[in-house]
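Novice: After the structure tokens below, expect a handful of questions from me.
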Amino acid sequence: MEVLAHIPAAAWPVLILLGSMSALSLALILAKILQLAPVTGGAAAREAAIQRFLKAGPEAVQVAASLPGKAPADRVLAVTMQALAEGLPIQAVEAEATRAGNEEVASMSSWLRLLDLISMVAPLLGLLGTVLGMIKSFQDLSAAQGSANASVLAGGIWEALITTAAGLLVAIPAAVAASLLTARVETAALRIESATGRLIALAQRR
């Protein structure tokens, strides 16, 4: 509480904004972790479904419907199986798989750019608060007409630097989370491409 009492009034708007960004960032990180937790699983089940589909004949549609659908690759594979079961040309099947895959990737990537934006803007806002605090410190020093000592000036500087520290505390978790979550989306996209590509290749051979 003593530290809060020494924060310059000019820095409070920046700190409040950074606090709001921090809350938003943490909520987004939690939501995306929950959303992306299952996106890379189910490879063995998909391979088994592919083999069943290729042997199913008229019952191929039922095999497509039996996929669990927890991972994006499950849902895209089911769409691809449905297109193949309907007898669509391979080009149309590939187009349908690409459309479904793009929709899944877009869903997984939603809000990640906002995390990137927070990680870039938060340090700049912290620096802005520091500059405003420094301006206030030097204004006080000027008003003292040289009677202020170095300790007073140093105190004003550390008070101003609080916003920079706050900005970094907001930006670092957002940047790390955005990077890790983006990597998980890319892995899930590879799973989609692998599953649908394997199904289409095997279907063409048969």
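Novice: For the structure I just gave you, tell me whether Glu103 is farther than 30 Å from Ala174 by Cβ and under 27 Å from the mean Cα position of the chain (by Cα).
Specialist: The answer is no for Glu103.
Novice: Within the range 32-41, is even one residue over 18 Å from Arg198 (Cβ atoms), assigned to a helix (DSSP H, G or I) and β-branched (Val, Ile, Thr)?
Specialist: yes
Novice: Here's a follow-up. Look through Ala23, Ala49, Ala106, Ala44 and report the one residue that is of a type outside the set (Lys, Arg), under 18 Å from Arg184 (Cα atoms) and either in a helix (DSSP H, G or I) or in the same structural domain as Val170 (by TED's automatic domain parsing) (or both).
Specialist: Numbers: Ala23 fails: under 18 Å from Arg184 (Cα atoms); Ala49 fails: under 18 Å from Arg184 (Cα atoms); Ala44 fails: under 18 Å from Arg184 (Cα atoms).
Just a single option satisfies the conditions, and that option is Ala106.
Novice: Looking at the range 52-103 only, could you name the residues that are among the hydroxyl-bearing types (Ser, Thr, Tyr) and assigned to a helix (DSSP H, G or I)?
Specialist: Quick first cut of the range 52-103, residues among the hydroxyl-bearing types (Ser, Thr, Tyr) only: 66, 80, 98.
Of everything in the range 52-103, those that are among the hydroxyl-bearing types (Ser, Thr, Tyr) and assigned to a helix (DSSP H, G or I) turn out to be Thr80, Thr98.
Novice: Something else: Just name the residue that is modelled with the lowest pLDDT out of those in the range 127-166 that are of a type in the set (S, T, N, Q) and part of a helix (DSSP H, G or I).
Specialist: At the first step, the residues of the range 127-166 found to be of a type in the set (S, T, N, Q) are 130, 137, 139, 142, 145, 147, 149, 151, 163-164.
Next, from what is left, pick out any that are part of a helix (DSSP H, G or I): 130, 137, 139, 142, 151, 163-164.
On the way: Thr130: 87, Ser137: 76, Gln139: 77, Ser142: 75, Ser151: 62, Thr163: 91, Thr164: 93.
Step by step, filter the range 127-166, then rank; the result is Ser151.
Novice: Taking the range 1-53 on its own, how many of its residues are at pLDDT 90 or above and over 28 Å from the mean Cα position of the chain (by Cα)?
Specialist: Residues meeting the conditions: 7.
Novice: Do you know which of the residues in the range 70-99 that are of a type outside the set (A, V, I, L, M, F, W, C) and over 21 Å from Lys55 (Cα atoms) is nearest to the chain's Cα centre (by Cα)? Before you say what the answer is, go through the steps one by one.
Specialist: Quick first cut of the range 70-99, residues of a type outside the set (A, V, I, L, M, F, W, C) only: 70, 72, 74-75, 80, 82, 86-87, 89, 91, 94, 96, 98-99.
Still in the running and over 21 Å from Lys55 (Cα atoms): 70, 72, 91, 96, 98-99.
Working: Lys70: 19, Pro72: 16, Gln91: 33, Glu96: 26, Thr98: 22, Arg99: 22 Å.
The qualifying residue nearest to the chain's Cα centre (by Cα) is Pro72.
Novice: If the requirement is being out of contact with any Pro (no Cβ under 6 Å at 6 or more places or on another chain), more than 24 Å from Met21 (Cβ to Cβ) and crowded, with 21+ Cβ neighbours inside 10 Å, which of these qualifies: Gly126, Gly57, Gly101? Reasoning before the result, please.
Specialist: Values: Gly126 fails: more than 24 Å from Met21 (Cβ to Cβ); Gly57 fails: crowded, with 21+ Cβ neighbours inside 10 Å.
Just a single option satisfies the conditions, and that option is Gly101.
Novice: I would also like to ask the following. Given the conditions (1) assigned to a helix (DSSP H, G or I); (2) surrounded by 15 or more Cβ atoms within 10 Å (Cβ to Cβ); (3) modelled with pLDDT under 95, and given that Ala175 satisfies all but one, which numbered condition is not satisfied?
Specialist: In the conditions (1) assigned to a helix (DSSP H, G or I); (2) surrounded by 15 or more Cβ atoms within 10 Å (Cβ to Cβ); (3) modelled with pLDDT under 95, Ala175 misses (3) alone.
The values are calculated or read from the model by the stated rules, or taken from the named source; none is laboratory data. The structure displayed is predicted, hence computed values, not measured ones. As a convention, Cβ positions derive from the backbone with ideal geometry for all residues, glycine included, and neighbour counts pool all protein chains shown.
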